[in-house]
Each structure stands twice: as C-alpha cells, then as structure tokens.
Amino acid sequence: MIDTALLIIDVQNDFCPRGALAVAEGDQIVPLINQLQSKFPLKVLTQDWHPAEHTSFAGNHPDAQPFSMIDMPYGPQVLWPTHCVQGSYGADFHNDLETDNVALIVRKGFRKEIDSYSAFFENDQTTPTGLTGYLREQGITSLVMTGLATDFCVRFSAVDAAKLGFGVSVVSDACRAIDMDGSLESAMRDFKENGVKITTSGAFL
Ligand code: VGL
Ligand code: ZN
C-alpha cells in the first residue's frame, strides 16, 4: 500500500469524553488507529487549531447558543462550544495516540474568520491547506481515513479527497460521529454520492 496514506483526523482531547466538544466514544478509536498505523508507510494527522477569538465559537457571538447556525460570508456555519484552542490541553492529541511515525501534521481552522472542517480546503471550499500538493508529491493516490468526527471533519475531508481524484475509504469503526440534526445520515449519503467507500478496520489488519 505504498500509494495509500492513512489520514488521522482530529483525535484531540476536546473531541474525547470530558472534552469541550466531546464526541461519544471518541477515545475508543485510539487503539485501532494505532494498529492501523503499522499498515501504512505514510501517515498524516490533522489538528483542529483555533485562536480563542475564532468566529466558529458561539461564545464569540452575543446571545448565540452552541450548536445553533449562523450565516458567514462563506455560507452557513454551526456555532460550536469553544474547543481546540491553540496550545491548550484540549487541542493536544489524545495521550495514547501514537504520533512518532507520522510524517505530517496539518493544522486547520487557525484563521479567526473561517472554519476548516476538511483537511484539504477551508469552509469557503476554495482556500487550500496544501495537503493535496503534499500527497501528490509523495505519489499518494488513495487515502484511508480515520478519526473525529465522522459527520464533520472526516466527512468533508473524505468528500474533498474523492472530488480531487483520490480513492477514499472511511474506516467506520475507527471513526465516531457528533450526530446532530441528522448530520451522520447526510454524511453517509454524501459518501455514497461521491464514491467514498465505507470499510472496517478488518479489511486492513
Ligand atoms: C470538528 C466541529 C468543529 C471535527 C472540528 O473535527 O469534526 N467538528 N471543529
Ligand atoms: Zn473546530
């Protein structure tokens, strides 16, 4: 699988139980992701990395409730609880996640005025993170995706990658979802419509 990279999305304390934007069972995928790492020569991590004044935080909008929607210049945006603030414990990777053999860490959402779910493009769907060029230079044509959350950052990363022409598999048991307002169901539809395969870790281990 020399042409396939493992993408490990946002396995950070704030997305794990007791975190600021906890995803149910978010921590339970860590051992599986560590096992998967040994099967792929190239591993890339993403890290949600927001300034405290980030516009995706409900607390930065007067009277806004977390998980409500707002219109941003680039389109509709969920307002989240404050999470993954740059340099905070919540932004650190889960302590048990192996990171020593990872080639690249892509930080995203670090511009105050724009959120970034996808590892490839910010939420305006046009500003690139640079990951596409990196992967192409490494000769990568397929991606196996794991991490948090299935219905947000994994979803948009997988769909963008498929649109860019990469073969994409999402490892369902190595991901967990936020699942708000049908978001998991629409992610599953989006995967299907864009040719993203859903697999389980057994296919690789
Ligand atoms: C994420 C919401 C806000 C994610 C990041 O990693 O899925 N979700 N920021
Ligand atoms: Zn975020």
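Extension gain, Arg111-Glu137: 0.36 nm per intervening residue step, less the Cα-Cα distance, totals 6.8 nm. Stretched out straight at 0.36 nm per residue, the stretch from Thr199 to Asn95 would grow longer than its current Cα-Cα span by 34.8 nm. Per residue of the chain, the DSSP helices (runs of n ≥ 4 H) give a summed -39500 (n - 2.57) that works out to -5000 deg cm²/dmol at 222 nm. Between Asp173 and Asp3, the FRET efficiency from the beta-carbon distance, with R0 = 30 Å, is close to 0.80. Here the gap between Glu53 and Asp190, fully extended at 0.36 nm per residue and compared with their Cα-Cα distance, gives a gain of 46.2 nm.
If neighbour count is taken as other Cβ atoms inside 10 Å, put Met188, Met180 in order from fewest to most.
Met180, Met188
Compute the longest continuous run of the chain that contains no exposed GluC sites (Glu not before Pro); treat a site as exposed when its DSSP state is not H, G, I, E or B and it has at most 14 other Cβ atoms within 10 Å. With a cap of 14 other Cβ atoms within 10 Å, the longest stretch comes to 114-205. Projecting the Cα atoms of Trp80, Trp49, His61 onto the dipole axis of region 46-152, where Lys and Arg carry +1 and Asp and Glu carry -1 at the beta carbon, places Trp49 farthest toward the positive end. Exposure proxy ranking for Val78, Val144, based on other Cβ atoms within 10 angstrom of each Cβ and starting from the fewest, stands as Val78, Val144.
Of all DSSP-defined beta bridges confined to region 4-203, some 20% are antiparallel rather than parallel. Near Phe57, the amide H atoms lying under 5 Å from its own belong to Trp80; only residues 5 or more places off or on other chains count, and H is placed 1.01 Å from N.
Backbone geometry of region 120-127 corresponds, through the Karplus equation with coefficients 6.51, -1.76 and 1.60 at θ = phi - 60°, to 3J(HN,Hα) couplings of 9, 9, 6, 5, 6, 6, 10, 6 Hz, x marking Gly and Pro.
Throughout, read-outs are computed from the coordinates displayed, never taken from laboratory work. Quick caveat, the model's predicted, so the values are computed rather than measured. As a convention, Cβ positions derive from the backbone with ideal geometry for all residues, glycine included, and neighbour counts pool all protein chains shown.
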